[in-house]
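Every number in this text was worked out from the coordinates using simple rules, so none of it is lab data. The model shown is predicted, which means the values in this text are computed figures rather than measured ones. Reconstructed Cβ throughout: ideal geometry from the backbone, glycine too, with neighbour counts over all protein chains shown.
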Amino acid sequence: MLDSSFGMFFFLKSSKSKKSQNSFIYVRITVDKFSVELSTKRKWTPTKWNSRLGRADGKTEDVKTLNAFLDSFQIKILQAKKHLMDTEKDISAMNIKNVLLGITDDRKMILEIFQEHNERMKSLVGKEFAQGTFKRYMTAFRHTRAFIQWKFGREDIEIRKLNYEFLADYSYWFRSVKNCSHNTTVKYLIYFKKIVLLCVKKGWILRDPFIGFNLASKEVVRDILTKEELDRIKSKEFSIFRLDNVRDIFLFSCFTGLAYIDVKNLKRNQVINGIDGEKWIFTQRQKTQSPTRLPLLPKALEIVDKYKDHPECSANGNVLPVLSNQKMNAYLKEIADICGIEKPLTFHIARHTFATTVTLSNGVPLETVSKMLGHKSLKQTQHYAKIIDLKISQDMQALKKVLEDSQ
């Protein structure tokens, strides 16, 4: 009993079958003297039931399990009552029962809500969201639709069916049917979680089904260029302009840590004198909108000067003439072959190389590197430090071998 107008009590109701020794457990919900009864779908022995407490009697494991279930059921009833309060609906015994049974006047469907979210996001592209973010949510929507068709054989399902089992099956579908890696699976589940949390906040579902569901990514050791490999690319002379151009842009990212899209969008008016009178870049990451301020290293400044009279850059005010990401990565494969680099050279390796080979390996503090990369927290930068630890380990193993050979 919570107050004078609301109460709940668990009791046994005899089974119609005379053969059954057990009775069904029901709960009676009372609001303003009006009551409804609801089955918990559990049975129990009358001789082991405490009618006064409305719980099973004893200390055995099955007693503890049942009482824990009834405690959980009681919490669901309270959540149903809160849901009616939050949605400004009449708090009656029948309405509470209907919420628990999923019987509502305004049935909400998963894909309808997801689609509405994406339509709103589309209208804010360029204002609050990047085009790439919108595309990823559209892909997540298509995956969710495909999973619902695979699992339920339906075009859409009600949000009340969202539970831990739904998420476990969705995760399994990504890993088995779609053959996705663990981290890719987690990424799409995180997109879906945003939609689920919207439903929780609006009171459309009582409980977040992601509670207790593991969304931790596995740590990935990313490829980086060593100093020797970076020097090889720097010193190589290319007679083909497109390769020379792509090499320069790649090196610019290696010595600034800017991602592809941030290099592509970088304007000349964002390269200005900093606090020390030297040239700095003042911009913000498109991905996170985090501000980025970094002084230009000599090699990066040399590349900026090289393209100051480039017709395309002069026309649009960009610092560098950047090709599409697809073409850039295709030409980088050619560059890797020519330079004898066996690693899968992509534009994103340049950013990792700046964080490790160019900065951390040369004693730049982690906090400074984090700021220059535009990270919102040190956690995002710390995995680079682990790569450095790996390099230290390799160097020490080589040193041990030298010392052993000299003895």
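If we count other beta carbons within 10 Å of each Cβ, what is the order of Cys254, Cys199, Cys339, fewest first?
Cys339, Cys199, Cys254
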### Query
Using a cut-off of 19 Å between alpha-carbon atoms, which lysines can reach Lys400, once sequence neighbours fewer than 8 places away in the same chain are excluded?
Lys391
#### Entry: Packing rank of 227-238, 260-271, where each peptide gets the mean count of other beta carbons within 10 Å, highest leading
260-271, 227-238
### Message
If you only keep lysine pairs separated by 8 or more in sequence, or across chains, how many in the range 74-117 come under 16 Å at the Cα atoms?
### Response
5
### Query
What does the highest-first list of 21-30, 86-95 look like by mean Cβ count within 10 Å?
21-30, 86-95
### Message
Rounding to the nearest 10 and keeping the result within 0 to 90°, find how far the Cα-based axis of helix 325-339 lies from the longest principal axis of the chain.
### Response
50
### Task
Report, in whole Å, the centroid distance computed from the Cα atoms of the range 247-278 and the range 159-198.
38
### Task
Determine, for each peptide in 370-376, 397-403, 307-313, 132-138, the mean count of other beta carbons within 10 angstrom over its residues, then list the peptides with the highest first.
370-376, 132-138, 307-313, 397-403
## Note on the structure
Too long for a 31 Å Cα-Cα cut-off, among Lys135/Lys371; Lys227/Lys279; Lys218/Lys306, are Lys218/Lys306
### Query
Using Cα-only point scatterers and the Debye equation, what is log10 of I(q)/I(0) for the range 204-292 at each q in 0.12 Å⁻¹, rounded to two decimals?
-0.62
### Query
In whole percent, what relative contact order does the chain give with Cα contacts below 8 Å and a gap of six or more residues?
10
### Message
Here are a few candidate values for P(r) over Cα pairs in 10 Å bins from 0, in percent: [x] 4, 20, 27, 24, 17, 7, 1; [y] 4, 15, 20, 18, 15, 11, 9, 6, 2, 0; [z] 5, 21, 26, 20, 13, 8, 5, 2, 0, 0. Which one was actually calculated from the structure I just gave you?
### Response
[y]
#### Entry: Packing-based exposure ordering (other Cβ within 10 Å, fewest first) of Val186, Val221, Val63, Val196
Val221, Val63, Val186, Val196
### Query
Using alpha carbons only, what's the Rg to Rh ratio of the range 110-201 with Rh from Kirkwood?
0.96
### Message
Report the Cα centroid-to-centroid distance between the range 37-97 and the range 127-152 in angstrom, as an integer.
### Response
38
### Dipole-positive endmost among Asn163, Asn118, Trp150 within the range 110-201 (Cβ charges, Cα centre)
Asn118
### Query
From the Cα gyration tensor of the range 227-397, with a ≥ b ≥ c the square roots of its eigenvalues, which class applies: rounded if a/c is under 1.5, or else prolate if a/b is larger than b/c, or else oblate?
oblate
